[in-house]
Amino acid sequence: MVGWAIALHGGAGDIPIDLPDERRIPRETALRHCLDLGVSALKSGKPPLDVAELVVRELENHPDFNAGKGSVLTTQGTVEMEASIMEGKTKRCGAVSGLTTVVNPISLARLVVEKTPHIYLAFDAAEAFARAHGVETVDSSHFITPENIARLKQAKEFNRVQLDYTAPTPPKELENCGDSQIGTVGCVAVDSAGNLASATSTGGYVNKMVGRIGDTPVIGAGTYANHLCAVSATGKGEEIIRGTVARDVAALMEYKGLSLTEAAAYVVDQSVPRGSCGLVAVSANGEVTMPFNTTGMFRACATEDGYSEIAIWPNN
């Protein structure tokens with residue numbers, strides 16, 4: 001056993017190498033803060049499921065990531081958030097979609113695990129479940145930032161469903177908000193006993209159809225954990241669903257005997273098109289990997305043996 005390990009992401013995509021410091025640094029600072037939070041929690045003996053939820057909550061509260069407070073807007077200018085969480089050894093899992101008032105969707109997904117016999121709740125029923133259990137809610141205007149209003153305007157002008165990290169396009173007044181959100185957030189963790197957990201949260205696509213559900217809450221696509229590994233994916237949701245990305249990493253380890261690094265690399269290289277996906281994953285023996293086939297992925301990791309990394313682009 002290598003020991004505990006943790007990895008987290010803030011989204012993968014066409015992140016320009018010349019991303020301005022004022023947009024890069026706050027995100028890197030947030031990743032560092034969340035990584036430190038997760039490491040401290042693991043060191044204090046918190047279960048990986050608690051750690052993954054804790055870290056994703058913190059990422060949801062950061063307005064520069066596309067989850068929680070920073071969620072992007074649908075074609076009707078509304079927010080529809082989704083999240084899921086999964087524990088490896090028990091395979092207990094919970095997912096939610098279509099949230100408009102819940103401050104921390106990941107914690108509602110956790111409540112689905114703890115308080116229902118089900119896995120997935122969505123839209124009005126999920127909102128009612130949140131209210132019934134005293135989950136913190138706010139008016140939906142809390143989630144609607146000026147940057148996301150401008151980003152929706154841009155997407156509508158170009159008549160496209162836009163990934164949250166799409167580079168800006170003229171007109172001029174939109175140039176400064178083009179990368180206002182860079183991706184789904186997620187965290188995977190393993191403790192020294194090999195217990196694993198994964199958590200993922202997102203606001204979806206800019207200008208998406210109301211009611212569209214992506215990969216994030218789909219167990220086996222955006223999120224998966226079993227006795228071998230925990231995986232959280234990010235990128236083009238439809239491609240990740242088609243590729244059953246998170247489950248395939250675990251399946252390649254289980255049925256082909258691949259290492260975590262080999263399995264994750266194969267899935268990112270072969271199961272989805274170029275430019276569509278990234279993931280973070282940890283194994284039961286403390287391995288960690290963070291592959292992506294996009295320009296970049298906001299990511300961070302740490303292991304018990306002292307290794308730590310915070311990065312955006314390849315080899316930086």
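The values are calculated or read from the model by the stated rules, or taken from the named source; none is laboratory data. Computed from a predicted structure; not experimentally measured. Cβ atoms come from the backbone with ideal geometry, glycine included; neighbour counts cover every protein chain shown. The accessibility values were calculated without ligands, DNA or RNA, using every heavy atom of the protein model including side chains. Shrake-Rupley method; radii C 1.70, N 1.55, O 1.52, S 1.80 Å.
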Task: Output for the range 106-120, where each listed residue is under 17 Å from Val79 (Cβ atoms) and touching a Ser or Thr at 6+ places or on another chain (Cβ under 9 Å) - done: Ile106, Ala109
Open item on the list: Filter the range 183-213 down to the residues that are part of a loop (DSSP other than H, G, I, E, B) and either open to solvent by less than 10 Å² (accessible area, probe 1.4 Å) or not aliphatic (A, V, I, L, M) (or both) and list them by number.
Closed with: Gly183, Thr184, Asp191, Ser192, Gly194, Asn195, Gly203, Gly204, Tyr205, Asn207, Gly211, Arg212
Task: Per-region count, the range 55-90, residues over 16 Å from Pro217 (Cα atoms), within 16 Å of the chain's Cα centre (by Cα) and not small (Gly, Ala, Ser) - done: 10
Open item on the list: So in the range 31-49, with the set limited to residues that are without any contact (Cβ under 8 Å) to a residue 40 or more places away in the chain and under 21 Å from Ala109 (Cβ atoms), which one is least open to solvent (accessible area, probe 1.4 Å)?
Closed with: Ala41
- [ ] Within the range 234-265, count every residue that is in contact with a Ser or Thr (Cβ under 6 Å, 6 or more places away or on another chain), farther than 28 Å from Lys208 by Cα and surrounded by fewer than 22 Cβ atoms within 10 Å (Cβ to Cβ).
- [x] 1
- [ ] Give me a count of the residues in the range 1-30 that are charged (D, E, K, R) and surrounded by 19 or more Cβ atoms within 10 Å (Cβ to Cβ).
- [x] 1
Open item on the list: If I ask for residues that are among the polar types (S, T, N, Q) and open to solvent by less than 90 Å² (accessible area, probe 1.4 Å), which ones from the range 143-160 would you list?
Closed with: Thr145, Asn148, Gln154
Task: Residue ID - most open to solvent (accessible area, probe 1.4 Å), chosen from residues in the range 91-124 that are more than 18 Å from the chain's Cα centre (by Cα) and among the basic types (Lys, Arg) - done: Lys115
